[in-house]
Amino acid sequence: MESLDASVPFYRDVLGLEDLGREEVPSQKVRVAMFRVGEARIELLEPLSPDSPIAQFLEKRGQGIHHIAYSVSDAAGVVRTIMEKGVEMIDREPRVGAGGSRIAFIHPRSSGRVLTEICEHGNSEKEEGL
């Protein structure tokens with residue numbers, strides 16, 4: 001598995017994306033590199049330990065897209081609305097993610113086999129989505 005140090009130069013130097021920095025999220029056992037792409041953001045993930053969910057994903061499926069995230073202004077409200085519609089959630093309540101955002105994941109069984117994240121950013125990064 002490649003490290004962020006090996007992957008970052010492609011996104012920063014070859015594609016010329018705005019480098020938003022790195023962050024470790026110990027609760028998720030992951031290190032994140034973030035890049036701005038227009039109004040969107042790409043996050044590269046590196047596991048911090050072999051038992052992290054990202055390490056398990058890479059071992060099983062190899063490198064590639066892990067999930068898609070939708071930025072919302074009220075993660076808890078969106079999670080409640082989604083659950084009222086019968087959607088299976090991995091997280092029934094938002095938890096802390098990279099950058100201090102509040103995140104919750106929709107189970108891939110409910111979203112066409114795509115792991116989907118609901119993400120409420122801090123005030124400086126709020127963007128409307130769902």
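The values are calculated or read from the model by the stated rules, or taken from the named source; none is laboratory data. Worth saying up front: this structure is predicted, and the values here are computed from it rather than measured. All Cβ positions, even for glycine, are placed from backbone atoms using ideal geometry, and neighbour counts span all protein chains on display.
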| query | Taking E59, is it assigned by TED's automatic domain parsing to the domain that holds S3 and either closer than 21 Å to E18 by Cβ or modelled with pLDDT of 95 or more (or both)? | reply | no
Filter region 1-37 for residues that are in contact with a Pro (Cβ under 8 Å, 6 or more places away or on another chain) and outside any strand (DSSP E or B); the one that is surrounded by the fewest Cβ atoms within 10 Å (Cβ to Cβ) is M1
